[in-house]
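To start, the structure itself, in structure tokens.
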Amino acid sequence: MNFTKKMAASLLAAAMTCSLFGAAVGAVEFSVVGDTGNNTAAGNTSQTVTTSSTVQNAVPEFFDGCVKLSWTAVPGVAYYAVKICDTDSNVIETYYVKNVTAMVVPETAFNVEYNSKKDFYACVIALKPGETDVTGTAFYAPSASKFTVEYDMDKYPEYGAPQDVTFMVNSGKVFISWQNPNDFAEKKDLFTVSVLDSQKKSVFSKTIQDTHIEVSGLKDGQTYTVNIYNKTFSTMTGSEYKFVSDVKEQTAGTNKDTTVRPQKGTNYTLPAPLTVKAKAGDGRITLSWSSVDEADGYRIFAYNAKTKQYETFKTVKGTKYTIKDLKNGSTYKYRVAAVRYDKNTKIYTPGTASKTVKATPQKAAKAK
């Protein structure tokens, strides 16, 4: 409910650029079909679709007061037509955006009645130079693009609040990183990172435009409160963090190695892989990630759109894995965590999960 007040001017511009191309808005037929791979609108074979062959799902993410739609970039595109329709195939909103692969739609655009919920479909049409969205053209929405908007969206996180905050210790320093829901905007958001000790005294504060920062000088074994405040959207994420150093200084003046490394079996939490990548292919996605010291393996978590949660997909030994038999044109999201194996209980215990990576399998282009 708070989104309308906090929407930055840059997002408003991205969401409302439809006014630049608005001649055909509302007059276009929008039919829902299964993912058959053809461009014929269901029940309207006499109608034709846009000359562009690229029609893909808009993947929704829900926030308090808005829905973020994201998609895969298409080479050579002039602009994207993002179309939303109801279950009666009526186009309720058409947005035209350039140079971005995501946009935010305020909840007011969906007009959901009090204490109810409503289903919608969305797709993205990549329009190349010379192609237009003309009246009478029929577009289809893949059935997989269906999503549900509720009247009360307070249960979702505030838009702009940092997500997936992770901590990684290296050489006595803490590397803090997070995800920004507005990471597609051309102008970066401003974040203020504050670290408070157990007495609520500030030991670190800095304002940056990045989504990661390095903090030093924390005391081993102490618990700190870490607040990451998005100044652009006036939203904040806070979390408690117990610092366990990987470096302990011995008596000054000795020439011995002063680094004491954690041993297997200790109860510190394994950090997330620093780098995780997702590469899409034909019906498959290859995940790769950086190794983590003391890890006995790695667990892959896959996002379930129905439960809106990340669920265990597979535990592997190496730092690379290919997931096959995926649907082309659908976007998949994954996270990776390092795991420890207990020989007595025969249980794998995961550490901190990585940032989310996503990819969309595509059919291989035919060679000319």
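Some points to look at:
- Proximal aspartates and glutamates to Lys118, defined as alpha-carbon separation beneath 13 angstrom and excluding residues fewer than eight positions away on the same chain: Asp86, Asp88, Glu107, Glu150, Asp152
- The range 160-261: C-alpha pair distances exceeding 16 Å, %: 59 percent
- Computed E for Lys343/Thr286 - FRET, C-beta separation, R0 35 angstrom, nearest 0.05: 0.70
- Of Lys117/Lys277; Lys320/Lys346; Lys277/Lys363, pairs whose Cα-Cα distance is over 26 Å: Lys117/Lys277
- Reach of Lys242 by Cα under 18 Å, taken over aspartates and glutamates that are not fewer than 8 positions away in the same chain: Asp164, Asp197, Glu214, Asp220
- Unit charges on C-beta of K, R, D, E only; dipole of the range 160-261, Debye: 300 debye
- Computed E for Lys187/Lys277 - FRET, C-beta separation, R0 22 angstrom, nearest 0.05: 0.25
- Under 20 Å from the Cα of Lys188 - lysines, other chains or at least 8 residues apart: Lys5, Lys6, Lys68, Lys98, Lys206, Lys231, Lys355
- Note on the range 268-368: Rg/Rh from Cα positions, Kirkwood definition for Rh, rounded to two decimals, is 1.03.
Readers should treat all values here as calculations from the given coordinates under stated rules, not as data from a laboratory. Predicted, not measured: the structure shown is a model, and the values here were computed from it. Neighbour counts run over all protein chains shown; Cβ positions are idealised from the backbone, glycine included.
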